[in-house]
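Just below is one structure, and these are the notes that go with it.
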Amino acid sequence: MREVDAYLGLGANLGDRERALRVAVQRLQATPGLEVVACSSFRESAFVGEGPAQPPYLNGVVHVRTALPAATLLALGKALEREAGRALPAPRNQPRPLDIDVLLHGGQTIDTRELVVPHPRLHEREFVLTPLRELGVDVAALARPARPRVIHDPAEFAAVCTGWHEGGCQIGVVPTMGALHEGHVSLMRLARAENDRVIATIFVNPLQFGPKEDFAAYPRDLQADLGRCGAAGVDLVFAPSVAQMYDPGFCSHVAVGPAAEGMEGALRPGHFSGVATVVARLFALCRAHRGYFGQKDAQQVAVLRRMTRDLGFPLRLVECPIVREPDGLAMSSRNVYLGAADRRAATVLFRALCAGRQAFAHGQRHRDALLEVARTVVIAERRASLDYLELRSEPDLEPLPAGPVDHGRLLIAARFVDGARPVRLLDNLSLTGPGA
Ligand code: AMP
């Protein structure tokens, strides 16, 4: 490999910080195959980041010229951190006697589990930018990585994911139709906590809308969505156009079985086949290790769980709890279309489900009696037109026979017609599980 100019960030906020930084520079000078060209002055800065308050850092940057690969510089840095007394692997954002980051390595970009170069937070950190400027680096000319990165082209999306796989990354994907709210964000946050790389997909999928449904009117706001994705720590947003997702000859669809019968499946013929088709295509493109879906669309989860197993996707489907407004209404992208009076009335779905669950908690065990308790609540709200109210088994949502039940999930859908356009809302609640 030819020699490159590389820049290493040094920092310490425990013990004799200045000595730790000086010893690190000496060790680098003594490393075969590496020439220390220059070292910035050391500056003190307050701790930035999450977690408990910490002592201030002393930081500097070292310019080296080397033929060593970036991964070797990273390993060298870790060895020096250990030598300085840092126990590794260490939890994030803990005080440390020495920290060494590979900031830049020639003009290379690297994106593996262990290493991202240029350092992803370089542009946010004055304690790195100032020393880099002092060393003559034109930091303004360094491309600022888009956070999150946005890709529209499926082939490019698949190629980035392949790179992550080759770099040993665990990948989580959150499929959405955009118009993001806190419900979606909760999925992204969980994905962030469980994976090295997080993908959100934003695609209003025409295959899952019937001819009389609201495909054209579905709310779309990519800029606002990107802001939410960035704040939730999403690395990559895949937002293809319909033509990019489905080329003109596209004709293969996933057929779905009994999990798609009844409820949404009965009211929206072809809906779940459309959902399964797009999700299968997304899984195939990114080959994620985990897929995150909301319990809010419980029947969708049941269909996708079956599809994932049947088609053999090596992915764990993670089911996430429903996020609600303070008054109990399940968050939904379609809530924005409710008129003010319908918005108040819409809490009836959750109130009905809670009434059913309360009756179960008080000893009512008969399926039809439980349904009747919930139905009575809905019928009292004249603004709501009930589409269905069912009690199904958990976790597969199979119909439960009439008679006594010892568990189950109540599922409801209702229409509200007085706002800017008619809105269908869904909700569900376990008789036995936690709140939502
Ligand atoms: P959508 O954009 O409506 O297709 O939803 C994308 C994902 O977010 C699906 O897995 C939904 O189940 C999930 N989701 C939507 N609303 C909520 C909510 N209120 N709480 C939790 N997850 C949700």
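Filtering the stretch 260-278 to residues that are open to solvent by less than 30 Å² (accessible area, probe 1.4 Å) and either at pLDDT below 95 or at positive phi (or both) leaves Gly262, Met263. Among residues of the stretch 279-293 that are within 15 Å of the ligand (Cβ to nearest atom), those with a Cβ under 6 angstrom from a residue that is part of a helix (DSSP H, G or I) and open to solvent by less than 40 Å² (accessible area, probe 1.4 Å), sequence gap 6+ or separate chain, pair up as Val279/Leu304; Tyr292/Leu187; Tyr292/Ala191; Phe293/Val301. The set of residues from the stretch 327-348 being open to solvent by 10 Å² or more (accessible area, probe 1.4 Å), away from the ligand (no atom under 13 Å from the Cβ) and not polar (S, T, N, Q) comprises Asp327, Tyr337, Leu338, Gly339, Ala340, Ala341, Arg343, Arg344. The set of residues from the stretch 196-233 being of a type in the set (Val, Ile, Thr), open to solvent by 10 Å² or more (accessible area, probe 1.4 Å) and within 13 Å of the chain's Cα centre (by Cα) comprises just one member, Ile202. Among residues of the stretch 309-323 that are touching a residue at least 12 places away in the same chain (Cβ under 8 Å) and under 17 Å from Leu285 (Cα atoms), those with a Cβ under 6 angstrom from a residue that is open to solvent by less than 40 Å² (accessible area, probe 1.4 Å) and not in a helix (DSSP H, G or I), sequence gap 6+ or separate chain, pair up as Leu315/Ala288; Leu315/Gly291; Leu317/Gly291. Evaluating Pro434 against the criteria (1) more than 15 Å from Gln299 (Cα to Cα); (2) surrounded by fewer than 20 Cβ atoms within 10 Å (Cβ to Cβ); (3) at pLDDT 95 or above leaves one unmet condition, (3). For Leu386, the conditions (1) open to solvent by 60 Å² or more (accessible area, probe 1.4 Å); (2) more than 16 Å from the ligand (Cβ to nearest atom); (3) under 30 Å from Gly178 (Cβ atoms); (4) of a type outside the set (Gly, Ala, Ser) are fulfilled apart from (1). Residues in the stretch 183-193 that are in contact (Cβ under 8 Å) with a residue 24 or more places away in the chain and either more than 7 Å from the ligand (Cβ to nearest atom) or outside the structural domain of Phe283 (by TED's automatic domain parsing) (or both): Val185, Met188, Arg189, Leu190, Ala191, Arg192. Looking only at the stretch 344-371, residues that are free of Cβ contacts under 8 Å to residues at least 12 places away in the same chain and in contact with a strand residue (DSSP E or B) (Cβ under 9 Å, 6 or more places away or on another chain) come to 0 in all.
Being in a loop (DSSP other than H, G, I, E, B) and either in the same structural domain as Leu14 (by TED's automatic domain parsing) or open to solvent by less than 40 Å² (accessible area, probe 1.4 Å) (or both) is the requirement here; does Gly107 meet it? For Gly107, the condition - in a loop (DSSP other than H, G, I, E, B) and either in the same structural domain as Leu14 (by TED's automatic domain parsing) or open to solvent by less than 40 Å² (accessible area, probe 1.4 Å) (or both) - is met.
The strands (runs of 3 or more DSSP E) falling completely within the stretch 33-104 that include 2 or more residues that are crowded, with 20+ Cβ neighbours inside 10 Å and out of contact with any His (no Cβ under 8 Å at 6 or more places or on another chain) map to 57-66.
Residues of the stretch 207-220 that are more than 9 Å from the ligand (Cβ to nearest atom) and either within 12 Å of Val237 (Cα to Cα) or in contact with a helix residue (DSSP H, G or I) (Cβ under 6 Å, 6 or more places away or on another chain) (or both): Leu207, Phe215, Pro219. Among the residues in the stretch 294-302, are any more than 9 Å from the ligand (Cβ to nearest atom) and open to solvent by 40 Å² or more (accessible area, probe 1.4 Å)? No - not one qualifying residue is present in the stretch 294-302. Taking the conditions (1) aliphatic (A, V, I, L, M); (2) surrounded by 22 or more Cβ atoms within 10 Å (Cβ to Cβ); (3) in contact with a Ser or Thr (Cβ under 9 Å, 6 or more places away or on another chain) in turn, Val254 satisfies each one other than (2). Scoring Ser273 on the criteria (1) away from the ligand (no atom under 15 Å from the Cβ); (2) of a type in the set (Gly, Ala, Ser); (3) free of Cβ contacts under 8 Å to residues at least 60 places away in the same chain leaves a single failure, condition (3). Checking Ile151, Ile171 one by one, the residue that is modelled with pLDDT of 95 or more, touching a Lys or Arg at 6+ places or on another chain (Cβ under 6 Å), open to solvent by less than 60 Å² (accessible area, probe 1.4 Å) and of a type in the set (A, V, I, L, M, F, W, C) is Ile171 and no other. Considering only the stretch 74-119, state which residues are of a type in the set (Lys, Arg) and touching a residue at least 12 places away in the same chain (Cβ under 8 Å). Selection gives Lys78, Arg86, Arg92, Arg96, Arg113.
List, please: which pairs have Cβ atoms under 8 Å, are six or more places apart or on different chains, and start with a residue in the stretch 156-182 that is on the phi > 0 side of the Ramachandran plot and end with one that is within 7 Å of the ligand (Cβ to nearest atom)? Correct list of pairs: Gly178/Ser333; Ala179/Ser333.
Filtering the stretch 412-426 down to residues that are assigned to a strand (DSSP E or B) and open to solvent by 10 Å² or more (accessible area, probe 1.4 Å), which residue is farthest from Lys296 (Cα to Cα)? So, considering only residues that are assigned to a strand (DSSP E or B) and open to solvent by 10 Å² or more (accessible area, probe 1.4 Å), the one farthest from Lys296 (Cα to Cα) is Arg415. Which members of the stretch 10-32 meet the condition of being surrounded by fewer than 22 Cβ atoms within 10 Å (Cβ to Cβ) and touching a helix residue (DSSP H, G or I) at 6+ places or on another chain (Cβ under 6 Å)? Matches in the stretch 10-32: Arg27 only.
The values are calculated or read from the model by the stated rules, or taken from the named source; none is laboratory data. Values in this document were obtained by computation on a predicted structure and should not be read as measured data. A quick note on method: Cβ atoms are made from the backbone with ideal geometry, for glycine too, and the neighbour counts reach across all protein chains shown. Keep in mind that these areas ignore ligands, DNA and RNA; they rest on the heavy atoms of the full protein, side chains included. Shrake-Rupley method; radii C 1.70, N 1.55, O 1.52, S 1.80 Å.
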